[in-house]
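Please read the structure below before turning to the comments.
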Amino acid sequence: MSPLISKVLVVGMDGLRFDRLLALDAPVLAALMAAGAHGTSRLPYGEAGTPRTESPGEVVPKAPEPGDGGRVIRSRTDSGPGWSSIATGVWPDKHGVVDNSFAAPNFQKFPDFLTRAKTVRPELATAAFFSWAALDEHGAFSRAIDHRLVLDGYTVGWAAADKQVAEAAERHLATADPDALFVYLGDTDEVAHDLGPHCPEYAAALATQDAHLGRLLEAVRGRATYPRERWTVLVTTDHGHVDAGGHGGISDEERTVFVIASRLDAHLGGRSLACPRLVDVGPTALAALGVELDPGWELDGVPLAL
């Protein structure tokens, strides 16, 4: 019997607080957690006493940076640093993105996990779908990725852009043969900025994104080749929000992030992951694809034990 072909789907939901995820009705995410594994950790950065980012793309000045002899990661808890850490497997002091300006990125040295996979195994088919155009414009996910859809949530509207992104990813799963995909959904973050994460609109945005995820999983399971495939699914976020909405600082609400990991061909028992970090997402995806991690890459993350 031939071995199963390993494939990976990573879904990012911007600004999703894990405590709100647990409190609200999100059946697809709940089922992934019950069948897979999940856990939370706190981002090792944040700027105390600085203004909160009021929208996903707003640049807020960083606080002064006093000297320190140890590895102190000076960055805001913003989307730019969060998604860059997820993409590259290293923290902001290495990838260079410390706020939403992407002023000094180091993506040539620390490329995204899809680009790393493609470099090591050129035969792999990669794809990325975004409703936040900055991830494309600044190179957080490189042009080496085979298939991509980039929309601007500010222009299209975040809910509409997420819908188009999810539908395009669903079609790609149904009609092409991708090995590794990244799908970004941003409306939870936009709503939290406007109204905070405790409002009915935030619950509705989460329910919609949960349904998008459900259709992506249905597309995976509906593939004619699915019986010969082994799919690893990872769901994560980049930061949280204070109760009033916004982020950038050092509170637990802003710094707490989560990773949900599932193997669609196996039941992992709903177990807890011990402090999974954003930088572990990329290495976990690479390991699932059979890509050996090179110490020369200087990654901060490690593959999660699934």
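Scanning the range 46-70 for residues that are open to solvent by less than 30 Å² (accessible area, probe 1.4 Å), over 24 Å from residue 155 (Cβ atoms) and at pLDDT 85 or above turns up 46, 47. The listed residues are 245, 249, and the only one of them that is open to solvent by less than 30 Å² (accessible area, probe 1.4 Å), in contact with a Ser or Thr (Cβ under 8 Å, 6 or more places away or on another chain) and in contact (Cβ under 8 Å) with a residue 40 or more places away in the chain turns out to be 249.
For residue 89, the conditions (1) buried (at least 24 other Cβ atoms within 10 Å of the Cβ); (2) closer than 20 Å to residue 148 by Cα all hold with the exception of (2).
Restricting the range 6-36 to residues that are among the charged types (D, E, K, R) and part of a helix (DSSP H, G or I) leaves a set whose member that is least open to solvent (accessible area, probe 1.4 Å) is 20. Contact annotation: residue pairs with Cβ atoms under 6 Å, 6 or more positions apart or on different chains, pairing a residue in the range 123-140 that is in contact (Cβ under 8 Å) with a residue 24 or more places away in the chain with a partner that is open to solvent by 10 Å² or more (accessible area, probe 1.4 Å) and assigned to a strand (DSSP E or B), are 127/147; 128/148; 129/149; 130/150.
The rows are residues; the columns are (1) of a type in the set (A, V, I, L, M, F, W, C); (2) surrounded by 18 or more Cβ atoms within 10 Å (Cβ to Cβ); (3) part of a loop (DSSP other than H, G, I, E, B).
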position: 94; (1), (2), (3): no, yes, no
position: 100; (1), (2), (3): no, yes, yes
position: 106; (1), (2), (3): no, no, yes
position: 111; (1), (2), (3): no, yes, yes
position: 123; (1), (2), (3): no, no, yes
position: 127; (1), (2), (3): yes, yes, no
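Figure legend. Inter-residue proximity from the range 1-30: first residues more than 13 Å from residue 210 (Cα to Cα), second residues open to solvent by 40 Å² or more (accessible area, probe 1.4 Å) and in a strand (DSSP E or B), beta-carbon distance below 6 Å, spacing 6+ or different chains. Indicated pairs: 4/230; 6/230; 18/40.
Within the range 143-176, can you find the residues that are part of a loop (DSSP other than H, G, I, E, B), open to solvent by 50 Å² or more (accessible area, probe 1.4 Å), more than 16 Å from residue 189 (Cα to Cα) and in contact (Cβ under 8 Å) with a residue 12 or more places away in the chain?
Looking only at the range 143-176, we keep the residues that are part of a loop (DSSP other than H, G, I, E, B), and these are 143-146, 151-152, 157, 176.
Now drop any that are not open to solvent by 50 Å² or more (accessible area, probe 1.4 Å), which leaves 143-144, 146, 152.
Now drop any that are not more than 16 Å from residue 189 (Cα to Cα), which leaves 143-144, 146.
144, 146, listed by residue number.
Note on the range 231-254: among residues that are in a loop (DSSP other than H, G, I, E, B) and of a type in the set (A, V, I, L, M), the one that is nearest to residue 279 (Cα to Cα) is 250.
The values are calculated or read from the model by the stated rules, or taken from the named source; none is laboratory data. Keep in mind that this is a model prediction, so the values were computed, not measured. Every residue, glycine as well, gets a Cβ built from its backbone with ideal geometry; the counts of neighbours run over all protein chains shown. The area values use the complete protein model at the heavy-atom level, side chains included, leaving out ligands, DNA and RNA. Shrake-Rupley method; radii C 1.70, N 1.55, O 1.52, S 1.80 Å.
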